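> What follows is a structure written as C-alpha cells; I'll ask about it next.
The values are calculated or read from the model by the stated rules, or taken from the named source; none is laboratory data. Quantities reported herein were computed from a predicted structural model and do not represent experimental measurements. Every residue, glycine as well, gets a Cβ built from its backbone with ideal geometry; the counts of neighbours run over all protein chains shown.
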Amino acid sequence: MASEKDPHRQLGLARAADLILHLPLRFEDETRLTPFLQLRPGEVNQVEGVLTHKEQQRGARTQLLFEIEDASGHRLRIRLLHFRPNQAAALTPGVTVRAFGEVRAGLFGMEMVHPRYRVLRPSSPLPKTLTPVYPSVAALPQYRLRQAIEAELKGADLSDSLPEELRQRLGLPEFAATLRFLHQPPANADTALLELRQGPAWARLKFDELLAQQLSLQRARACRQHQHALALTDSEALCPRLLAALPFALTAAQARCLEEIRADLATPHPMHRLLQGDVGSGKTCVAAACTALAVGSGLQAAVMAPTELLAEQLYQKFRDWFTPLGVEVIWLSSAVRGKARSAALAALAEGRVAQIAVGTHALIQEDVAFARLGLVIVDEQHRFGVEQRLALRGKAETTLPHLLMMSATPIPRTLAMSYYADLAISSIDSLPPGRSPIETRVMSDARRPEVIARLAEFCAGGGQAYWVCPLIEESEKLDLKAAIDTHTEISAALPQLRIGLAHGKLKATEKAAVMAAFKAGEIHVLVATTVIEVGVDVPNASLMVIEHAERMGLAQLHQLRGRVGRGARASTCLLIYSHPIGQIARERLAIIRDSQDGFEIARHDLRLRGPGERLGARQSGQQLLRFADIEADAPMLEPAGHAAAELLRNHPDAVARHLDRWLPGGEARLYA
Ligand code: ADP
Ligand code: MG
C-alpha cells in the first residue's frame, strides 16, 4: 500500500521505481578504518576501537565522553553532545565501537565530536562500497532513503533498454551496472569525478535521458505524419502574383525558406515549422507568400501576433499587399468591439468574404470561427503559451491547419537538436541588401547630459533618433512616467528640435499619428517606452539611445537595436547604464556591444540563463532535463537522435521500457 510516508512520496516521486534515478550528491567512505595515529584534525574518517573508559560531563547540558583504543593501543576520545539513556547504557567498557566523523584537536589531544557511531561485534566486516548521501527532505533521514533505494536496486527492472549491439557500438556501459555504480561505487572509485557527474556511468545516464527526450519528440513528429491536412497547391497562382507585386525581390535566404515551407504545405499532413530570422531579416513577406499559398488554394489563413502594435503593423502590410489582389484582410483585436466585431466574425465564418485574419489573442476567442482555415501563422511564437498556439490551430473544423511559427530570437543549434527536435526549422540567415552596420557603445549615465547635447548636432545634420526609456520593475505606469519625464527634459534642453513621445497607453490613432510623423521626418527624436521593440520600421532613424540598458535582457536589447541600421546612414546605438550594475548585466552589455549576430547573441543568452526561461511556455507539460546539459553534453545530441530513430524503427518494446523509465508521466505534450 502506498502511503504518504513512503520515501518516494516524500521526495515527490510517483512510483517507488522512480527512486533508482534519484542519485547521490556525494559519498562517504566507510570501507576503511583509519588507525588513530594517522588521524589529522579537520579530516573525516572512520575509526574503530574497544571502549576503555566512559564518563558523563555535567554542564548546561550533560555530555557523554568515552575513550576507545585501537589495535595498536592508541586511544581516541569521543564526545556525544546529547544522548538517550539507553545509548549511554549500551556504551560499556569492552564493547567495540565504530564511528564516522570529523576529528578535531581538543584540549587533551584528538577527539571526535558527536560522530555517527555503532556498537558492534568485534571484527564485523566493513562495507565493500562507498556510502551514498542523497538529496533529501527534512522528514526523510538518509538511512531510510538508502534502504528504500537499495531495495529498488534489488527489486526493480533494471534490464537494458539499449539493444546490446547498439550499446556496444556507442561504447556505453550496461544500464544495471551503471546504476549500481552510481549509487554504490566500489571503494576505489574516483569520487571527485562522480561528484562532477562525469565518467562512463554518468555518460550512460545522460545519454539515456537525452534518448528519452528524442524518443518522445520523434514520436510526436511521426504522429503528425498520420494526421490529415489539406495540401496547399495554390491552384490560383496567388503567390507568384503577390511576389511580383512586391517592391523588391526575395533574398536567396528568403526564397530558400519559402521553398522549404511550400514543400511542407504541398503534402496532406499538417506542417509544424518554425521560420526563424534575425530582426529585419524579412520574415513578414515570407509569411505573406505562405498566406497567398493558402488563399490561392481556396482556404483561409490566420496570422496572430503577441502585441497590438506588432499585430497592427502586420495587418497594415498584409492589407497593402493583398487588397490590390482582390483578397480581403480582416483585423481583429480586443479593441475591435460591437458591430465592427460582429461584422468581422461573420465575414470569417462566411469564408467567401474574408480570406485572411490578422490580429492578437482576440483571434483565439471562443466565438471566432473560420469557414475553412488552412494555415495558421504565429509571429514571435515564444511569447505565446502552448495552449494559445493550440487554440488557434483548433479553429479548423475538420482537418488540421498547417502551422507556421515565426521568431526573431533564433533557437541555438543545441536547443534545436534537443528540446525542439520535433520541430522543422527554416532559417533566414542573411539580411536584405542595403543594411549598414551599427556601432554600439556602452557608457555610464554620468555621460547622459553630454549625449543630450550631442543630439542637437546630430539632428541638425538630418539625423533622427530613438530614445528608449528605462524599464522600471515591469510596471507600465512607471515606464510611462519615465518616458513622459524624459520627453519633458529633452524638449526643454533642445527647444530647437521636435521631440515625439510614444508609449503603450496612447490610443491606436495617436500612436499611428506619432509613428507616421516620425517616419515622415517631421519628428527628430522619438522618446519611447519599449513598445518600439517590435516591428517599427523607419529607415532614416540612425541613432538609438537606450537608458537603463543594464535592466534589459539580451534578446530585448538586440530587438531594440534592430530598429536602426535599416537605411544608408551609418548607425549608432548607445547603451547607457546606471549603478548598481551586476556582473551578468555587464557581460550582457559587452555581448551586445561586440556582436550583431542574432544567433551568437541567442547562444550567449542560453548560456547566461539556461534553457528554462526560454522554454518556459513550451515546457508546461514536460520537465527539463535533470542530468544532461545540452551545452556541455552537446556531442551526445546527435548520437541520441540517431539511436532514437533506430529504436523507433526496430525495437518498439525497448522504446516502451525506456519511456516508462524516464517519462513515467506518460508522453510529453509537445505538439506546439
Ligand atoms: P522581420 O524579419 O524582422 O519581421 P520584416 O519582415 O519586417 O523583418 O522586414 C524588415 C524590412 O526589410 C522591411 O522594411 C521589409 O520591407 C524589408 N525587406 C524584406 N525583404 C526584403 C528584400 N528581399 N529586399 C529588400 N527589403 C526587404
Ligand atoms: Mg517581424
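> Would you please list the contacts, defined by Cβ atoms under 8 Å and residues six or more apart or on different chains, that run from a residue in region 242-265 that is basic (Lys, Arg) to a residue that is within 16 Å of ligand 2 (Cβ to nearest atom)?
Arg256/Ser426; Arg262/Cys290
> Select from region 382-407 the residues that are within 16 Å of ligand 1 (Cβ to nearest atom) and part of a strand (DSSP E or B) and write down the one among them that is modelled with the highest pLDDT.
This residue is Leu404.
> Could you list all residues from region 27-66 that are charged (D, E, K, R) and loosely packed, with under 13 Cβ neighbours inside 10 Å? If you could, list the steps in order and put the result at the bottom.
Step one: filter region 27-66 for residues charged (D, E, K, R), giving 28-30, 32, 40, 43, 48, 54-55, 58, 61.
Arg32, Arg40, Glu43, Glu55, Arg58, Arg61, listed by residue number.
> Looking at the structure I just gave you, is Val531 in contact with a strand residue (DSSP E or B) (Cβ under 7 Å, 6 or more places away or on another chain), more than 17 Å from Ile591 (Cα to Cα) and modelled with pLDDT of 90 or more? Outline the logic, then answer.
Numbers: in contact with a strand residue (DSSP E or B) (Cβ under 7 Å, 6 or more places away or on another chain): yes; more than 17 Å from Ile591 (Cα to Cα): yes; modelled with pLDDT of 90 or more: no.
Spelling it out, it is not the case that Val531 is in contact with a strand residue (DSSP E or B) (Cβ under 7 Å, 6 or more places away or on another chain), more than 17 Å from Ile591 (Cα to Cα) and modelled with pLDDT of 90 or more.
> What's the total number of residues in region 558-613 that are outside any helix (DSSP H, G or I) and not β-branched (Val, Ile, Thr)? Talk me through it step by step, then tell me what you get.
Going residue by residue through region 558-613, those that are outside any helix (DSSP H, G or I) are 562-582, 595-597, 610.
Narrowing further to those that are not β-branched (Val, Ile, Thr): 562-563, 565-571, 573-575, 577-580, 582, 595-597, 610.
Matching residues across region 558-613 total 21.
> Scanning for something among the charged types (D, E, K, R) and not in a helix (DSSP H, G or I), does region 533-545 turn up at least one residue? Let's see the steps before the verdict.
Of the residues in region 533-545, the ones among the charged types (D, E, K, R) are 533, 537.
From what is left, the residues that are not in a helix (DSSP H, G or I) are 537.
Yes: region 533-545 contains one or more residues that are among the charged types (D, E, K, R) and not in a helix (DSSP H, G or I).
> Within the set of pairs 6+ apart or on separate chains, which have a first residue in region 280-294 that is of a type in the set (Lys, Arg), a second that is more than 8 Å from ligand 1 (Cβ to nearest atom), and C-beta atoms under 9 Å apart?
Lys283/Cys257; Lys283/Leu275; Lys283/Gln276; Lys283/Ser407
> What number of residues within region 388-440 satisfy the criterion of being among the small types (Gly, Ala, Ser), farther than 30 Å from Leu543 by Cβ and surrounded by fewer than 21 Cβ atoms within 10 Å (Cβ to Cβ)?
Let us first name the residues in region 388-440 that are among the small types (Gly, Ala, Ser), namely 391, 394, 396, 407-408, 416, 418, 421, 424, 426-427, 430, 434, 436.
Of the ones still in play, those that are also farther than 30 Å from Leu543 by Cβ are 391, 394, 396, 416, 418, 421, 424, 426.
Pick out the ones that are also surrounded by fewer than 21 Cβ atoms within 10 Å (Cβ to Cβ) and you get 391, 394, 416, 424.
Count: 4.
> Hey, another quick one. Just need a number here: residues in region 346-381 that are buried (at least 20 other Cβ atoms within 10 Å of the Cβ) and assigned to a helix (DSSP H, G or I).
Of the residues in that region, 5 qualify.
> Regarding Leu232, is this residue in a loop (DSSP other than H, G, I, E, B) and either at pLDDT 95 or above or among the basic types (Lys, Arg) (or both)? Full working, then the answer.
Working: in a loop (DSSP other than H, G, I, E, B): yes; either at pLDDT 95 or above or among the basic types (Lys, Arg) (or both): yes.
Judged against the criteria, Leu232 is a match.
> Sticking with this structure for a sec: Check Arg144, Arg167, Arg98, Arg118 and return the single one that is closer than 30 Å to Val655 by Cβ and either touching a Pro at 6+ places or on another chain (Cβ under 9 Å) or in contact (Cβ under 8 Å) with a residue 12 or more places away in the chain (or both). Spell out how you get there, then give the answer.
Details: Arg144 fails: closer than 30 Å to Val655 by Cβ; Arg98 fails: closer than 30 Å to Val655 by Cβ; Arg118 fails: closer than 30 Å to Val655 by Cβ.
Criteria check complete, one pass: Arg167.
> Among the residues of region 165-180 satisfying the criterion of being of a type outside the set (A, V, I, L, M) and surrounded by fewer than 20 Cβ atoms within 10 Å (Cβ to Cβ), which is nearest to Asp18 (Cα to Cα)? Walk me through how you get there before you give the answer.
Going through region 165-180, the residues of a type outside the set (A, V, I, L, M) turn out to be 165, 167-169, 171, 173-175, 178, 180.
From what's left, surrounded by fewer than 20 Cβ atoms within 10 Å (Cβ to Cβ): 165, 167-169, 171, 173-174, 180.
Values: Glu165: 27, Arg167: 23, Gln168: 26, Arg169: 28, Gly171: 25, Pro173: 20, Glu174: 18, Arg180: 15 Å.
Selected residue: Arg180.
> Considering region 248-279 alone, what residues qualify as being within 16 Å of ligand 1 (Cβ to nearest atom), touching a strand residue (DSSP E or B) at 6+ places or on another chain (Cβ under 9 Å) and not in a helix (DSSP H, G or I)?
Thr251, Arg273, Leu274, Leu275, Gln276, Gly277, Asp278, listed by residue number.
> I've got another one for you. Answer yes or no: is there a residue in region 318-341 that is in a helix (DSSP H, G or I) and within 34 Å of the chain's Cα centre (by Cα).
From region 318-341, those in a helix (DSSP H, G or I) are 318-325, 338-341; that's our starting set.
Subset that is within 34 Å of the chain's Cα centre (by Cα): 318.
Checked against the condition, which is being in a helix (DSSP H, G or I) and within 34 Å of the chain's Cα centre (by Cα), region 318-341 yields at least one hit.
> Before we move on, is Asp278 modelled with pLDDT of 90 or more, among the acidic types (Asp, Glu) and either more than 16 Å from ligand 2 (Cβ to nearest atom) or in contact with a Gly (Cβ under 9 Å, 6 or more places away or on another chain) (or both)?
Values: modelled with pLDDT of 90 or more: no; among the acidic types (Asp, Glu): yes; either more than 16 Å from ligand 2 (Cβ to nearest atom) or in contact with a Gly (Cβ under 9 Å, 6 or more places away or on another chain) (or both): yes.
Criteria not met by Asp278.
> Among the listed residues Lys206, Lys154, which satisfies the condition of being within 33 Å of the chain's Cα centre (by Cα) and either within 30 Å of Gly282 (Cβ to Cβ) or among the basic types (Lys, Arg) (or both)? Walk me through how you get there before you give the answer.
Details: Lys154 fails: within 33 Å of the chain's Cα centre (by Cα).
Criteria check complete, one pass: Lys206.
> Scan region 572-589 and tell me whether some residue there is under 27 Å from Ala453 (Cβ atoms), within 16 Å of ligand 1 (Cβ to nearest atom) and crowded, with 23+ Cβ neighbours inside 10 Å. Spell out the reasoning first.
In the first step, residues of region 572-589 are kept if they are under 27 Å from Ala453 (Cβ atoms); the result is 572-581, 585-586, 589.
Then drop every residue that is not within 16 Å of ligand 1 (Cβ to nearest atom), which leaves none.
Scanning region 572-589, I find no residue that is under 27 Å from Ala453 (Cβ atoms), within 16 Å of ligand 1 (Cβ to nearest atom) and crowded, with 23+ Cβ neighbours inside 10 Å, so the answer is no.
> Can you name the residue in region 295-345 that is surrounded by fewer than 19 Cβ atoms within 10 Å (Cβ to Cβ) and polar (S, T, N, Q) and, of all such residues, is farthest from ligand 1 (Cβ to nearest atom)?
Ser342
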